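The values are calculated or read from the model by the stated rules, or taken from the named source; none is laboratory data. A quick note: this is a predicted structure, and the numbers were derived from the prediction, not measured. Virtual Cβ from ideal backbone geometry, glycine too; neighbours counted across all protein chains shown. When the accessible area is computed, the model is the full protein with side chains, heavy atoms only, and any ligands, DNA or RNA have been set aside. Shrake-Rupley method; radii C 1.70, N 1.55, O 1.52, S 1.80 Å.
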Amino acid sequence: MAQPSVILATASYDHTIRFWEAKSGRCYRTIQYPDSQVNRLEITPDKRFLAAAGNPHIRLFDVNSNSPQPVISYDSHTSNVMAVGFHCDGNWMYSGSEDGTVRIWDLRTATCQREYESRAAVNTVVLHPNQKELISGDQNGNIRVWDLAANSCSCELVPEVDTAVRSLTVMWDGSMVVAANNRGTCYVWRLLKGTQTITCFEPLHKLQAHDGYILKCLLSPEFCDPNRYLATASSDNTVKIWNVDGFKLERTLVGHQRWVWDCVFSVDGAYLITASSDTTARLWTMSTGEAIRVYQGHHKATVCCALHDGAESAPS
């Protein structure tokens with residue numbers, strides 16, 4: 001099976017994962033996922049595998065195969081896995097779960113190498129671009145930085161007491177981190193330059209982005225520069241695009257009929273894919289804010305999406 005240059009996948013409460021031709025909107029592969037819902041999808045840096053975070057496991061599927069079976073399963077979590085991602089060289093994977101832990105996995109052996117205790121259900125985990133720190137956000141409103149070299153929590157923040165941190169995102173150059181919560185608020189910190197670690201958070205901005213929940217926040221990628229954007233996906237059925245320079249509202253993406261759960265930028269930041277409870281995923285062009293493609297095929301809420309349209313990074 002020839003590898004497509006653009007890998008686009010979505011998952012739904014209908015217990016399927018679907019792969020799509022991004023341009024035509026055609027679904028070319030469906031994987032049945034009967035064991036649980038899928039909370040998060042992520043594609044490995046080398047474009048070979050798709051990780052699906054479920055309850056309570058993570059399953060890895062071969063992107064270039066028609067096999068319905070996972071290649072490997074990661075099984076130490078005891079509750080919903082809400083976050084999953086990869087080190088840039090693809091050697092290890094990280095995850096966060098409602099069981100209150102953040103874990104690091106050897107991708108090949110599926111062994112859990114490290115476990116960090118957050119003491120509350122973990123909703124979101126991101127890897128700092130320095131590849132040396134994980135940042136987690138939990139249901140009690142805590143943000144914690146996990147120093148992988150020191151193997152400990154190096155920093156703890158509570159932007160709003162007892163308000164769940166739903167989503168975290170870090171600028172590609174490590175200069176900024178944004179946390180979005182259940183009250184529609186984004187907290188923005190500058191990560192001070194000249195420091196080797198992320199633990200110097202300087203409050204930069206508080207953005208009341210939506211009236212409803214923010215389900216996902218995402219900063220634009222490197223190749224979008226010099227333009228820098230923040231996308232916020234919400235329970236108010238919209239995605240808003242903010243210019244990071246001053247946090248002015250640039251566009252509101254209107255078209256989804258129900259909650260927008262997830263979003264992902266194309267590698268150049270020119271397009272955005274979104275996933276919604278209205279069962280669809282959509283492709284938006286950032287220049288006009290128009291939806292230029294609708295991906296239809298799921299029968300229930302589409303809750304996560306993954307896109308890899310850049311060059312694959314070779315495994316080390």
Examine the range 51-68 for a residue that is free of Cβ contacts under 8 Å to residues at least 24 places away in the same chain, over 20 Å from His299 (Cβ atoms) and outside any strand (DSSP E or B), and state whether such a residue exists. yes
Test Asn140 against the stated conditions and say whether it is in contact with a Gly (Cβ under 6 Å, 6 or more places away or on another chain), open to solvent by 10 Å² or more (accessible area, probe 1.4 Å) and either farther than 16 Å from Thr44 by Cβ or assigned to a strand (DSSP E or B) (or both). no
Among the residues of the range 217-237, is any under 17 Å from Thr124 (Cα atoms) and either basic (Lys, Arg) or at pLDDT below 95 (or both)? no
If you go through the range 97-106 one residue at a time, do you hit one that is open to solvent by less than 40 Å² (accessible area, probe 1.4 Å), in a loop (DSSP other than H, G, I, E, B), on the phi < 0 side of the Ramachandran plot and in contact with a Lys or Arg (Cβ under 8 Å, 6 or more places away or on another chain)? no
Which of the residues spanning the range 107-122 are touching a Leu at 6+ places or on another chain (Cβ under 9 Å) and either part of a strand (DSSP E or B) or under 12 Å from Gly141 (Cβ atoms) (or both)? Arg114, Tyr116
Output for the range 228-277, where each listed residue is closer than 21 Å to Asp309 by Cβ and of a type in the set (Val, Ile, Thr): Val239, Ile241, Val260, Val264, Val267, Ile273, Thr274
Looking at this structure, is Gly289 on the phi > 0 side of the Ramachandran plot and over 19 Å from the mean Cα position of the chain (by Cα)? yes
Is at least one residue of the range 20-31 of a type in the set (S, T, N, Q) and not in a strand (DSSP E or B)? yes
Test Arg40 against the stated conditions and say whether it is out of contact with any helix residue (DSSP H, G or I) (no Cβ under 8 Å at 6 or more places or on another chain), open to solvent by 20 Å² or more (accessible area, probe 1.4 Å), more than 23 Å from Leu218 (Cβ to Cβ) and among the basic types (Lys, Arg). no
Restricting attention to the range 113-133, report how many residues are farther than 18 Å from Phe49 by Cβ and surrounded by 15 or more Cβ atoms within 10 Å (Cβ to Cβ). 14
May I ask you to list the residues in the range 43-78 that are open to solvent by less than 20 Å² (accessible area, probe 1.4 Å), farther than 23 Å from Glu115 by Cα and either out of contact with any Leu (no Cβ under 8 Å at 6 or more places or on another chain) or modelled with pLDDT under 95 (or both)? Lys47
